[in-house]
1. How high is the FRET efficiency between residue 54 and residue 168 when r is their beta carbon distance and R₀ equals 35 Å, given to the nearest 0.05?
2. So if R0 is 22 Å, what FRET efficiency would residue 186 and residue 262 give, r being the distance between their Cβ atoms, rounded to the nearest 0.05?
3. Shape call for the range 169-289 from the C-alpha gyration tensor, a ≥ b ≥ c root eigenvalues: rounded (a/c under 1.5), prolate (a/b greater than b/c) or oblate?
4. Taking just the alpha-carbon atoms of the range 39-185, what radius of gyration and Dmax come out, in angstrom?
5. Pop out the ³J(HN,Hα) list for the range 228-235 in order, Karplus 6.51 cos²θ - 1.76 cosθ + 1.60 with θ = phi - 60°, rounded to Hz; leave Gly and Pro as x.
6. Under the rule of -39500 (n - 2.57) per DSSP H run of 4 or more residues, summed and divided by the residues of the chain, what mean residue ellipticity at 222 nm is obtained, to the nearest 500 deg cm²/dmol?
7. With a point put 7 Å past each Cα toward its Cβ, work out how far residue 310 is from residue 127 in nm, to one decimal.
8. Please compute the modelled spin-label separation between residue 342 and residue 83, points set 7 Å along Cα→Cβ, answer in nm with one decimal.
Amino acid sequence: MLTPAPRQTALPQNARPRTALPRPTGPRAALALAVLLTAALTACGGPSSASDEKVVTVYSADGLKGEKGDGWYDKVFADFEKETGIEVKYVEGGSGEMVQRALREKSHTQADVLITLPPFIQQAGSKGLLQAYVPRGAEQVAGADKAADGTWTSVVNNYFGFIHNKKELPRAPKTWEELLDPAYKNKIQYSTPGVAGDGTAVLIKAMHDFGGREPAMEYLKKLQANNVGPSSSTSKLAPKVDKGELLVANGDVQMNFAQARSMPNLAIWFPAKAGGKPTTFALPYAAGLVHQAPHTENGKKLLDFMLGEKAQRQVSAVGGGFPARKDVRPADATAVRLARLMEGVEVFEPDWADIGRNLTAYVDAWKTATDS
């Protein structure tokens, strides 16, 4: 902070100028100077002032904030602000997009909490974007839904899925192969792998269902004839499906279930390979404390709050998702409907370590197959 030069004031003619005091030296003088410098930095808004701000900034994948301010984030953030007086600043985008933004800002960190879908939360950890912090209640989160090193913990459980317009397409397609029918030309769209978490999930599920990378890419190459094109955000596809602009799109259970409250034509389904069972896999919203976060303590408080029993009990009724805590078992109408939706669907567990190592190669293979 620059200090303006002192204003020169003329002395009265009969006044004697003050005698300059000798400048102190030695350890005490050095200590006094250090105290003065610290005070000056604080006054100028230096590093020590940021931690005192009543604010916390969240970078998150889309899906948990309601279209009409009625989502789980809306409720939890409002309750958190009321209880703590800490304002929540919210930035939303695709999972990959949020990680890339945090990475660009690494030398001047803006976010305090990062929330993304796998494998991007693992990617954030591998790039040094997260610091270890185990929120209160994390002992009730399953081991597969949190990092062994404490850098992230799931706050809302979720599953990958697809949606269709049940008015224009009353019967959901049962298989991947049905989507190759010319009747679906320009009526299918999925979000971009490598950018959106749900878009990357298309690759993961296709590789599982078709038995490997090569057969999955062969299929997605064929599907491209009916695909509208890339979309950086999965949440933007649901309104198109609801209006009938699209018949089928990708998504996830939590987000689409919540969107269906205001989009009556949405229905969730899980494609199977011809002759196989419908499949899905867990795709939780995982939260981590950002390394060198400007408001670390506020970030910790928010993570504790989101994993608290009160917030977790609201995950189904308000958010349309599944609690991350095993000891929270809601019995509301939404929870019952979600359990019924998952009946008969085979849930597999991806090899996240492999996906983390080879994600770029898988996305590049998809780009080559689809000319994207």
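Rule-based calculations on the coordinates, nothing more; no lab input. In this text the structure is predicted, and so the values were computed from the model without any measurement. Cβ atoms come from the backbone with ideal geometry, glycine included; neighbour counts cover every protein chain shown.
1. For residue 54 and residue 168, the calculated efficiency is 0.10.
2. The computed FRET efficiency comes out at 0.30.
3. rounded
4. 19.9, 71
5. The phi angles translate into 5, x, x, 8, 6, 10, 5, 4 Hz.
6. -11000 deg cm²/dmol
7. Calculated label separation equals 3.5 nm.
8. Distance between label points: 2.4 nm.
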